[in-house]
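Presented below is the structure to which this report refers.
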Amino acid sequence: MSDQAKALSVLTVNTLSFVVCFACWMLYGVLITFLVDNSLFNFDKAQMGWLIGTPVLTGSLVRLPVGVWTDRYGGRIVFACVMLVSAIGMYSVSLCNSFTDFLLAGLAFGLAGTSFAVGIAYTSVWFSRERQGTALGIFGAGNAGAALTSLGAPQLLNILTNHGQNLDAWRQLPQIYAGGLVVMTIIFWIFSHPKKIEHQTGFTIAQQLAPLKVTRVWRFGLYYFFVFGGFVALSQWLIPYYLNVYGMSLATAGLMASIFSLPSGVIRAIGGWMSDFWGARAIMYGVLCSCLIACVLLSVPRMDIMSPGEGVMAARKGPVTSVTPEEVVCAGKPYKLKGKARDNVITYASEHEDLIVWPTFTFWQEPVVNVGDTVQKKQLLARGVTHIFFQANVWIFSVLVLIVGIATGIGKAAVYKHIPDYFPKDVGVVGGIVGVIGGLGGWVGPILFGIMLNATGIWTTCWIFFVILCASCLAWMHWTITHMMNEKSPDLAREIERETTA
């Protein structure tokens with residue numbers, strides 16, 4: 001078999017293996033939601049966040065050493081070991097009976113998340129530098145495995161439990177996933193070929209890790225914390241979100257969550273091409289701005305609020321001689337009131353879930369005095385009532401989520417496009433630490449979401465968190481670019497400022 005044929009074979013099984021591993025890595029989002037929704041385990045929202053994020057912790061922290069092992073021993077043996085060890089951890093989920101059991105099992109099968117580090121290193125050695133971008137973009141599309149779990153796992157749980165008639169049969173799901181990992185390991189071993197990276201010599205560990213002292217590395221890490229960590233966190237959190245906020249079934253919630261995860265995974269390959277064509281910096285500006293706008297809109301919760309409004313006060317002292325919904329007469333002076341419309345748009349929208357797009361307000365005044373009362377000057381005659389209503393329509397919500405999914409998918413490729421441009425000799429180390437930071441975002445996200453939800457009772461707090469995070473990334477990037485411009489071309493910067501203020 002020619003080297004080109006071997007390279008294509010390795011790319012194919014690497015990508016398929018990554019799809020399976022990523023699907024397993026995201027299992028807890030569906031499984032824990034199912035168990036809690038059916039009262040099999042009474043985990044609160046914070047505990048759910050911990051369990052959903054736990055596999056991501058292992059997959060993040062172990063990425064760096066697994067990448068080192070891949071360089072040393074070769075991707076073929078390391079990838080196979082990762083899948084087999086993950087299969088053991090996945091099978092152990094079927095034996096869990098407590099929060100601690102699920103926590104430990106999640107840490108074990110979370111090793112599946114390190115498949116990205118192995119696959120990136122193993123794929124890159126088979127392709128020349130000119131073809132690596134396309135090859136790694138194709139491999140990175142394996143993130144779409146998250147959508148397979150969002151779509152398939154709820155349906156499989158329905159079948160296994162006979163639509164809720166035999167709930168304890170949920171234990172078969174992690175066993176099936178474990179079997180899938182074993183089967184994929186066999187296929188991978190048959191169609192892959194051994195090859196290791198050619199090591200540079202003469203570098204100490206301290207020299208290899210020297211780029212980590214550069215602030216730029218951590219800035220790239222923050223970008224990846226948002227675009228990848230946010231993707232991983234939302235891929236799992238959206239399922240309980242849809243289930244609780246919109247009252248969907250688990251199967252429908254999984255289908256809606258896949259609207260986010262599937263495009264984000266697949267479009268990563270396109271993001272690499274876009275970064276080559278327009279430049280990674282321009283792409284990151286577009287990604288962060290679009291995500292910021294979408295997350296601001298998503299952060300507005302569903303609401304039906306009655307709030308005090310402008311009231312009517314007596315202009316002078318005197319008796320109340322007439323009270324109707326439209327008017328109060330006091331001391332001979334009539335006071336017109338704004339009545340409540342019976343067929344207002346909010347009442348209609350409450351019955352027709354597809355009407356209102358933006359938050360809507362209506363206002364009326366209600367008398368608080370009776371005929372015969374004697375009131376003082378400036379005493380309240382009618383209180384104002386403001387009704388604030390916002391549907392947060394599920395289809396508009398899903399379109400905004402789709403925008404975030406597409407943007408983060410493009411952003412993942414753009415971040416990694418930065419690395420060889422700025423650190424051509426340290427791609428492995430810098431890419432490794434950026435990947436670890438991004439993975440930690442996927443772990444921290446669900447935990448923070450659960451804590452914020454418990455503290456406020458508002459599901460949209462997760463979007464508020466992303467608004468803050470995205471704005472921080474955008475501000476840091478813009479400040480850095482402005483600083484670089486002022487430093488390298490101060491005359492040009494001053495000329496632009498003069499033209500802008502003129």
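Listing for the model above:
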{"item": "Residue within the stretch 383-394 that is crowded, with 24+ Cβ neighbours inside 10 Å, at pLDDT 90 or above and not hydroxyl-bearing (Ser, Thr, Tyr) present", "result": "no"}
{"item": "Within the stretch 309-326, tally of residues that are under 12 Å from Trp364 (Cα atoms) and in a strand (DSSP E or B)", "result": "4"}
{"item": "Residues of the stretch 48-66 classified as modelled with pLDDT of 85 or more and under 18 Å from the mean Cα position of the chain (by Cα), total", "result": "11"}
{"item": "Number of the exception - Glu497 against (1) of a type outside the set (Lys, Arg); (2) assigned by TED's automatic domain parsing to the domain that holds Met284; (3) modelled with pLDDT under 90", "result": "(2)"}
{"item": "Filter pass, Asp71 being among the acidic types (Asp, Glu) and either modelled with pLDDT under 85 or surrounded by 24 or more Cβ atoms within 10 Å (Cβ to Cβ) (or both)", "result": "yes"}
{"item": "Per-region count, the stretch 395-414, residues under 15 Å from Gly272 (Cβ atoms), modelled with pLDDT of 90 or more and touching a Ser or Thr at 6+ places or on another chain (Cβ under 6 Å)", "result": "2"}
{"item": "Only one of Gln172, Gln155 that is of a type in the set (S, T, N, Q), surrounded by fewer than 24 Cβ atoms within 10 Å (Cβ to Cβ), at pLDDT 90 or above and closer than 25 Å to Val85 by Cα", "result": "Gln172"}
{"item": "Verdict on Ile356 being modelled with pLDDT under 80, outside the structural domain of Cys295 (by TED's automatic domain parsing), surrounded by 14 or more Cβ atoms within 10 Å (Cβ to Cβ) and closer than 30 Å to Ser258 by Cα", "result": "yes"}
{"item": "Elements of type helices (runs of 4 or more DSSP H) contained in the stretch 107-174, each with 2 or more residues being of a type in the set (Gly, Ala, Ser) and over 27 Å from Trp443 (Cβ atoms)", "result": "129-140"}
{"item": "Hits in the stretch 373-388 (condition: under 41 Å from the mean Cα position of the chain (by Cα) and either of a type outside the set (Ser, Thr, Tyr) or under 17 Å from Val323 (Cα atoms) (or both))", "result": "Gly384, Val385, His387, Ile388"}
{"item": "Filtered residues of the stretch 295-308 (kept if surrounded by 11 or more Cβ atoms within 10 Å (Cβ to Cβ) and either modelled with pLDDT under 90 or in a helix (DSSP H, G or I) (or both))", "result": "Cys295, Val296, Leu297, Leu298, Val300, Pro301, Arg302, Met303, Asp304, Ile305, Ser307"}
{"item": "Residue check, Ala23 assigned by TED's automatic domain parsing to the domain that holds Asn454, small (Gly, Ala, Ser) and more than 20 Å from Ala105 (Cα to Cα)", "result": "no"}
{"item": "Given (1) farther than 13 Å from Ala144 by Cβ; (2) surrounded by fewer than 22 Cβ atoms within 10 Å (Cβ to Cβ); (3) not aromatic (Phe, Trp, Tyr), number of the condition Val266 does not satisfy", "result": "(1)"}
{"item": "Qualifying helices (runs of 4 or more DSSP H) (wholly inside the stretch 211-289; at least 2 residues being without any contact (Cβ under 8 Å) to a residue 40 or more places away in the chain)", "result": "268-278"}
{"item": "Given (1) in a helix (DSSP H, G or I); (2) at pLDDT 85 or above; (3) hydrophobic (A, V, I, L, M, F, W, C), number of the condition Ile458 does not satisfy", "result": "(1)"}
{"item": "Test: residue in the stretch 403-413 that is crowded, with 19+ Cβ neighbours inside 10 Å, in contact (Cβ under 8 Å) with a residue 12 or more places away in the chain, out of contact with any Leu (no Cβ under 6 Å at 6 or more places or on another chain) and in a loop (DSSP other than H, G, I, E, B)", "result": "no"}
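The values are calculated or read from the model by the stated rules, or taken from the named source; none is laboratory data. Keep in mind that what you see is a predicted model, and the values were worked out from it rather than measured. Positions of Cβ are generated from backbone atoms using ideal geometry, with glycine treated the same way; all protein chains shown enter the neighbour counts.
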